[in-house]
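> What follows is a single structure, and I will ask about it in a moment.
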């Protein structure tokens, strides 16, 4: 093990790359996606719920009949209704996750653009649903309903779509950037 390094066979170039600060474009991407995504989520929830009325009104709007419609649903849980009614835990988890993403981003750990975009989507998604949990009696407003016949995907919102997009980008990045590929030690 190299005495100057905490990692075996780590070069100074590797150490410098690990702690390289993010450029202005990274910060712009993260801020823009966070602000635009959060605003789009909160505006769309407000617009659809004002238009269709309260969830118990039963009003819907068919966008693509037989496949996609707008509805008004409230979800007091997380994805697919898990942890239903656990408002305090869901808020705490959201805040901790938000702080973790912000800390990892600020430390410059997301050097690739795809991770920077994912971080913006993740931050916007968390903020959109956290707003509802804090200011809507712990219930997240969902309105996008995809279905075929009587089979419905659980209703969701733009924040949920941003969270899924972030997950998808991270998955793609893992296969394309080499971040999760095993590095072989140099041959002597």
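> When Rg is the radius of gyration of the Cα atoms in region 81-123 and Rh is its Kirkwood radius, what does Rg/Rh come to?
For region 81-123, the value is 1.12.
> Note down the relative contact order for region 31-179 as a percent, whole number, built from C-alpha pairs under 8 angstrom at least six residues apart.
30 percent
> Grab every C-alpha pair in region 39-188, bin the distances at 5 angstrom width from 0 up to the longest one, and report whole percents.
Pairs per bin, as whole percents: 2, 9, 15, 18, 17, 13, 10, 7, 4, 2, 1, 1, 0, 0, 0.
> Also, quick follow-up: Taking neighbour counts of Cβ atoms within 10 Å as a proxy for exposure, in what order, fewest first, do 59, 45, 24 appear?
By the 10 Å Cβ count, ascending, the order reads 24, 59, 45.
> From Cα coordinates alone, what are the radius of gyration and Dmax values for region 11-121 in angstrom?
Rg then Dmax for region 11-121, in Å: 19.4, 64.
> May I ask you to compute the full-extension gain from residue 152 to residue 31, defined as 0.36 nm times their residue separation minus their alpha-carbon distance, rounded to one decimal in nm?
Result: 40.2 nm gained on full extension.
Every number here is computed from the coordinates shown, using simple stated rules; none is lab data. Just so you know, these numbers come straight off a predicted model, no measurement behind them. All Cβ positions, even for glycine, are placed from backbone atoms using ideal geometry, and neighbour counts span all protein chains on display.
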